[in-house]
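Here the structure is laid out as structure tokens; the discussion comes afterwards.
The values are calculated or read from the model by the stated rules, or taken from the named source; none is laboratory data. No experiment lies behind these values; they were computed from the predicted model shown. Quick reminder, even Gly has a Cβ in these numbers, built from the backbone with ideal geometry, and neighbours come from all protein chains shown. Heads up: the accessible areas ignore ligands, DNA and RNA and are worked out on the full protein's heavy atoms, side chains in. Shrake-Rupley method; radii C 1.70, N 1.55, O 1.52, S 1.80 Å.
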Amino acid sequence: MIETHYDCPCLESCPLNYAMSVIGGKWKMQIICALNNKGSLRYNELKRRVGGVSNTVLASSLRELEDAGLVVRTEYLEVPVRVEYSTTETCDKLMPILDDLSQWAEALMKGEKTK
């Protein structure tokens, strides 16, 4: 018998639950996609691209993504100090998975049934 994630006795340590805690939330996908599509972005440019996110939530989400190893914050010692955010190699490995998930969701949104 094959054990599925639904039968998993370790729900708190389930890899899928962990993954969703890392990338879940209202703004994290938009942040990851903006950085992936445009490369390194300064904070204000990222805020414009994401649109509608508050400074508090953007800063918090960036910190969480940075702690998870998906985003890197690079500080340039200039006057004034310049800070840029970009995706990491770990995040780059995540992108094909997110592309597949996006295609799956798009099919569901169009009402296509899966077997």
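Miscellaneous remarks
- For the chain, the membrane-span-like helices by this rule, meaning whole DSSP H stretches whose C-alpha atoms cover at least 27 Å of axis and whose Kyte-Doolittle mean is 0.0 or above, are 89-109; this says nothing about an actual membrane.
- Top of SER21, SER61, SER40 by mean-square fluctuation, Gaussian network on the chain, Cα under 10 Å: SER21
- Positive-end ranking of TRP104, ASN44, MET29 along the dipole of the chain, with charges on Cβ about the Cα centre, is headed by ASN44.
- Length-normalised contact order for the chain - Cα pairs under 8 Å, 6+ apart - percent: 22 percent
- Accessible area of region 48-115 belonging to carbon and sulfur atoms, whole % at 1.4 Å probe: 52 percent
- Modelled label positions at MET95 and TYR43, each set 7 Å beyond Cα in the direction of Cβ, lie 2.5 nm from each other.
- Only lysine pairs 8 or more places apart, or on different chains, with alpha-carbon atoms under 19 angstrom apart are counted in the chain, and they number 6.
- Matching label, percent of Cα pairs over 25 Å apart computed from the structure shown, candidates (1) 40; (2) 35; (3) 47: (2)
- Dividing the summed helix terms, -39500 (n - 2.57) for each DSSP H run of n ≥ 4, by the number of residues in the chain produces a 222 nm estimate of -17000 deg cm²/dmol to the nearest 500.
- Solvent-accessible area per residue in the chain equals 73 Å², computed with a 1.4 angstrom probe and all protein chains kept.
- The charge dipole of the chain, taken about the Cα centre with unit charges on the Cβ atoms of Lys, Arg (+1) and Asp, Glu (-1), comes to about 580 debye, rounded to the nearest 20.
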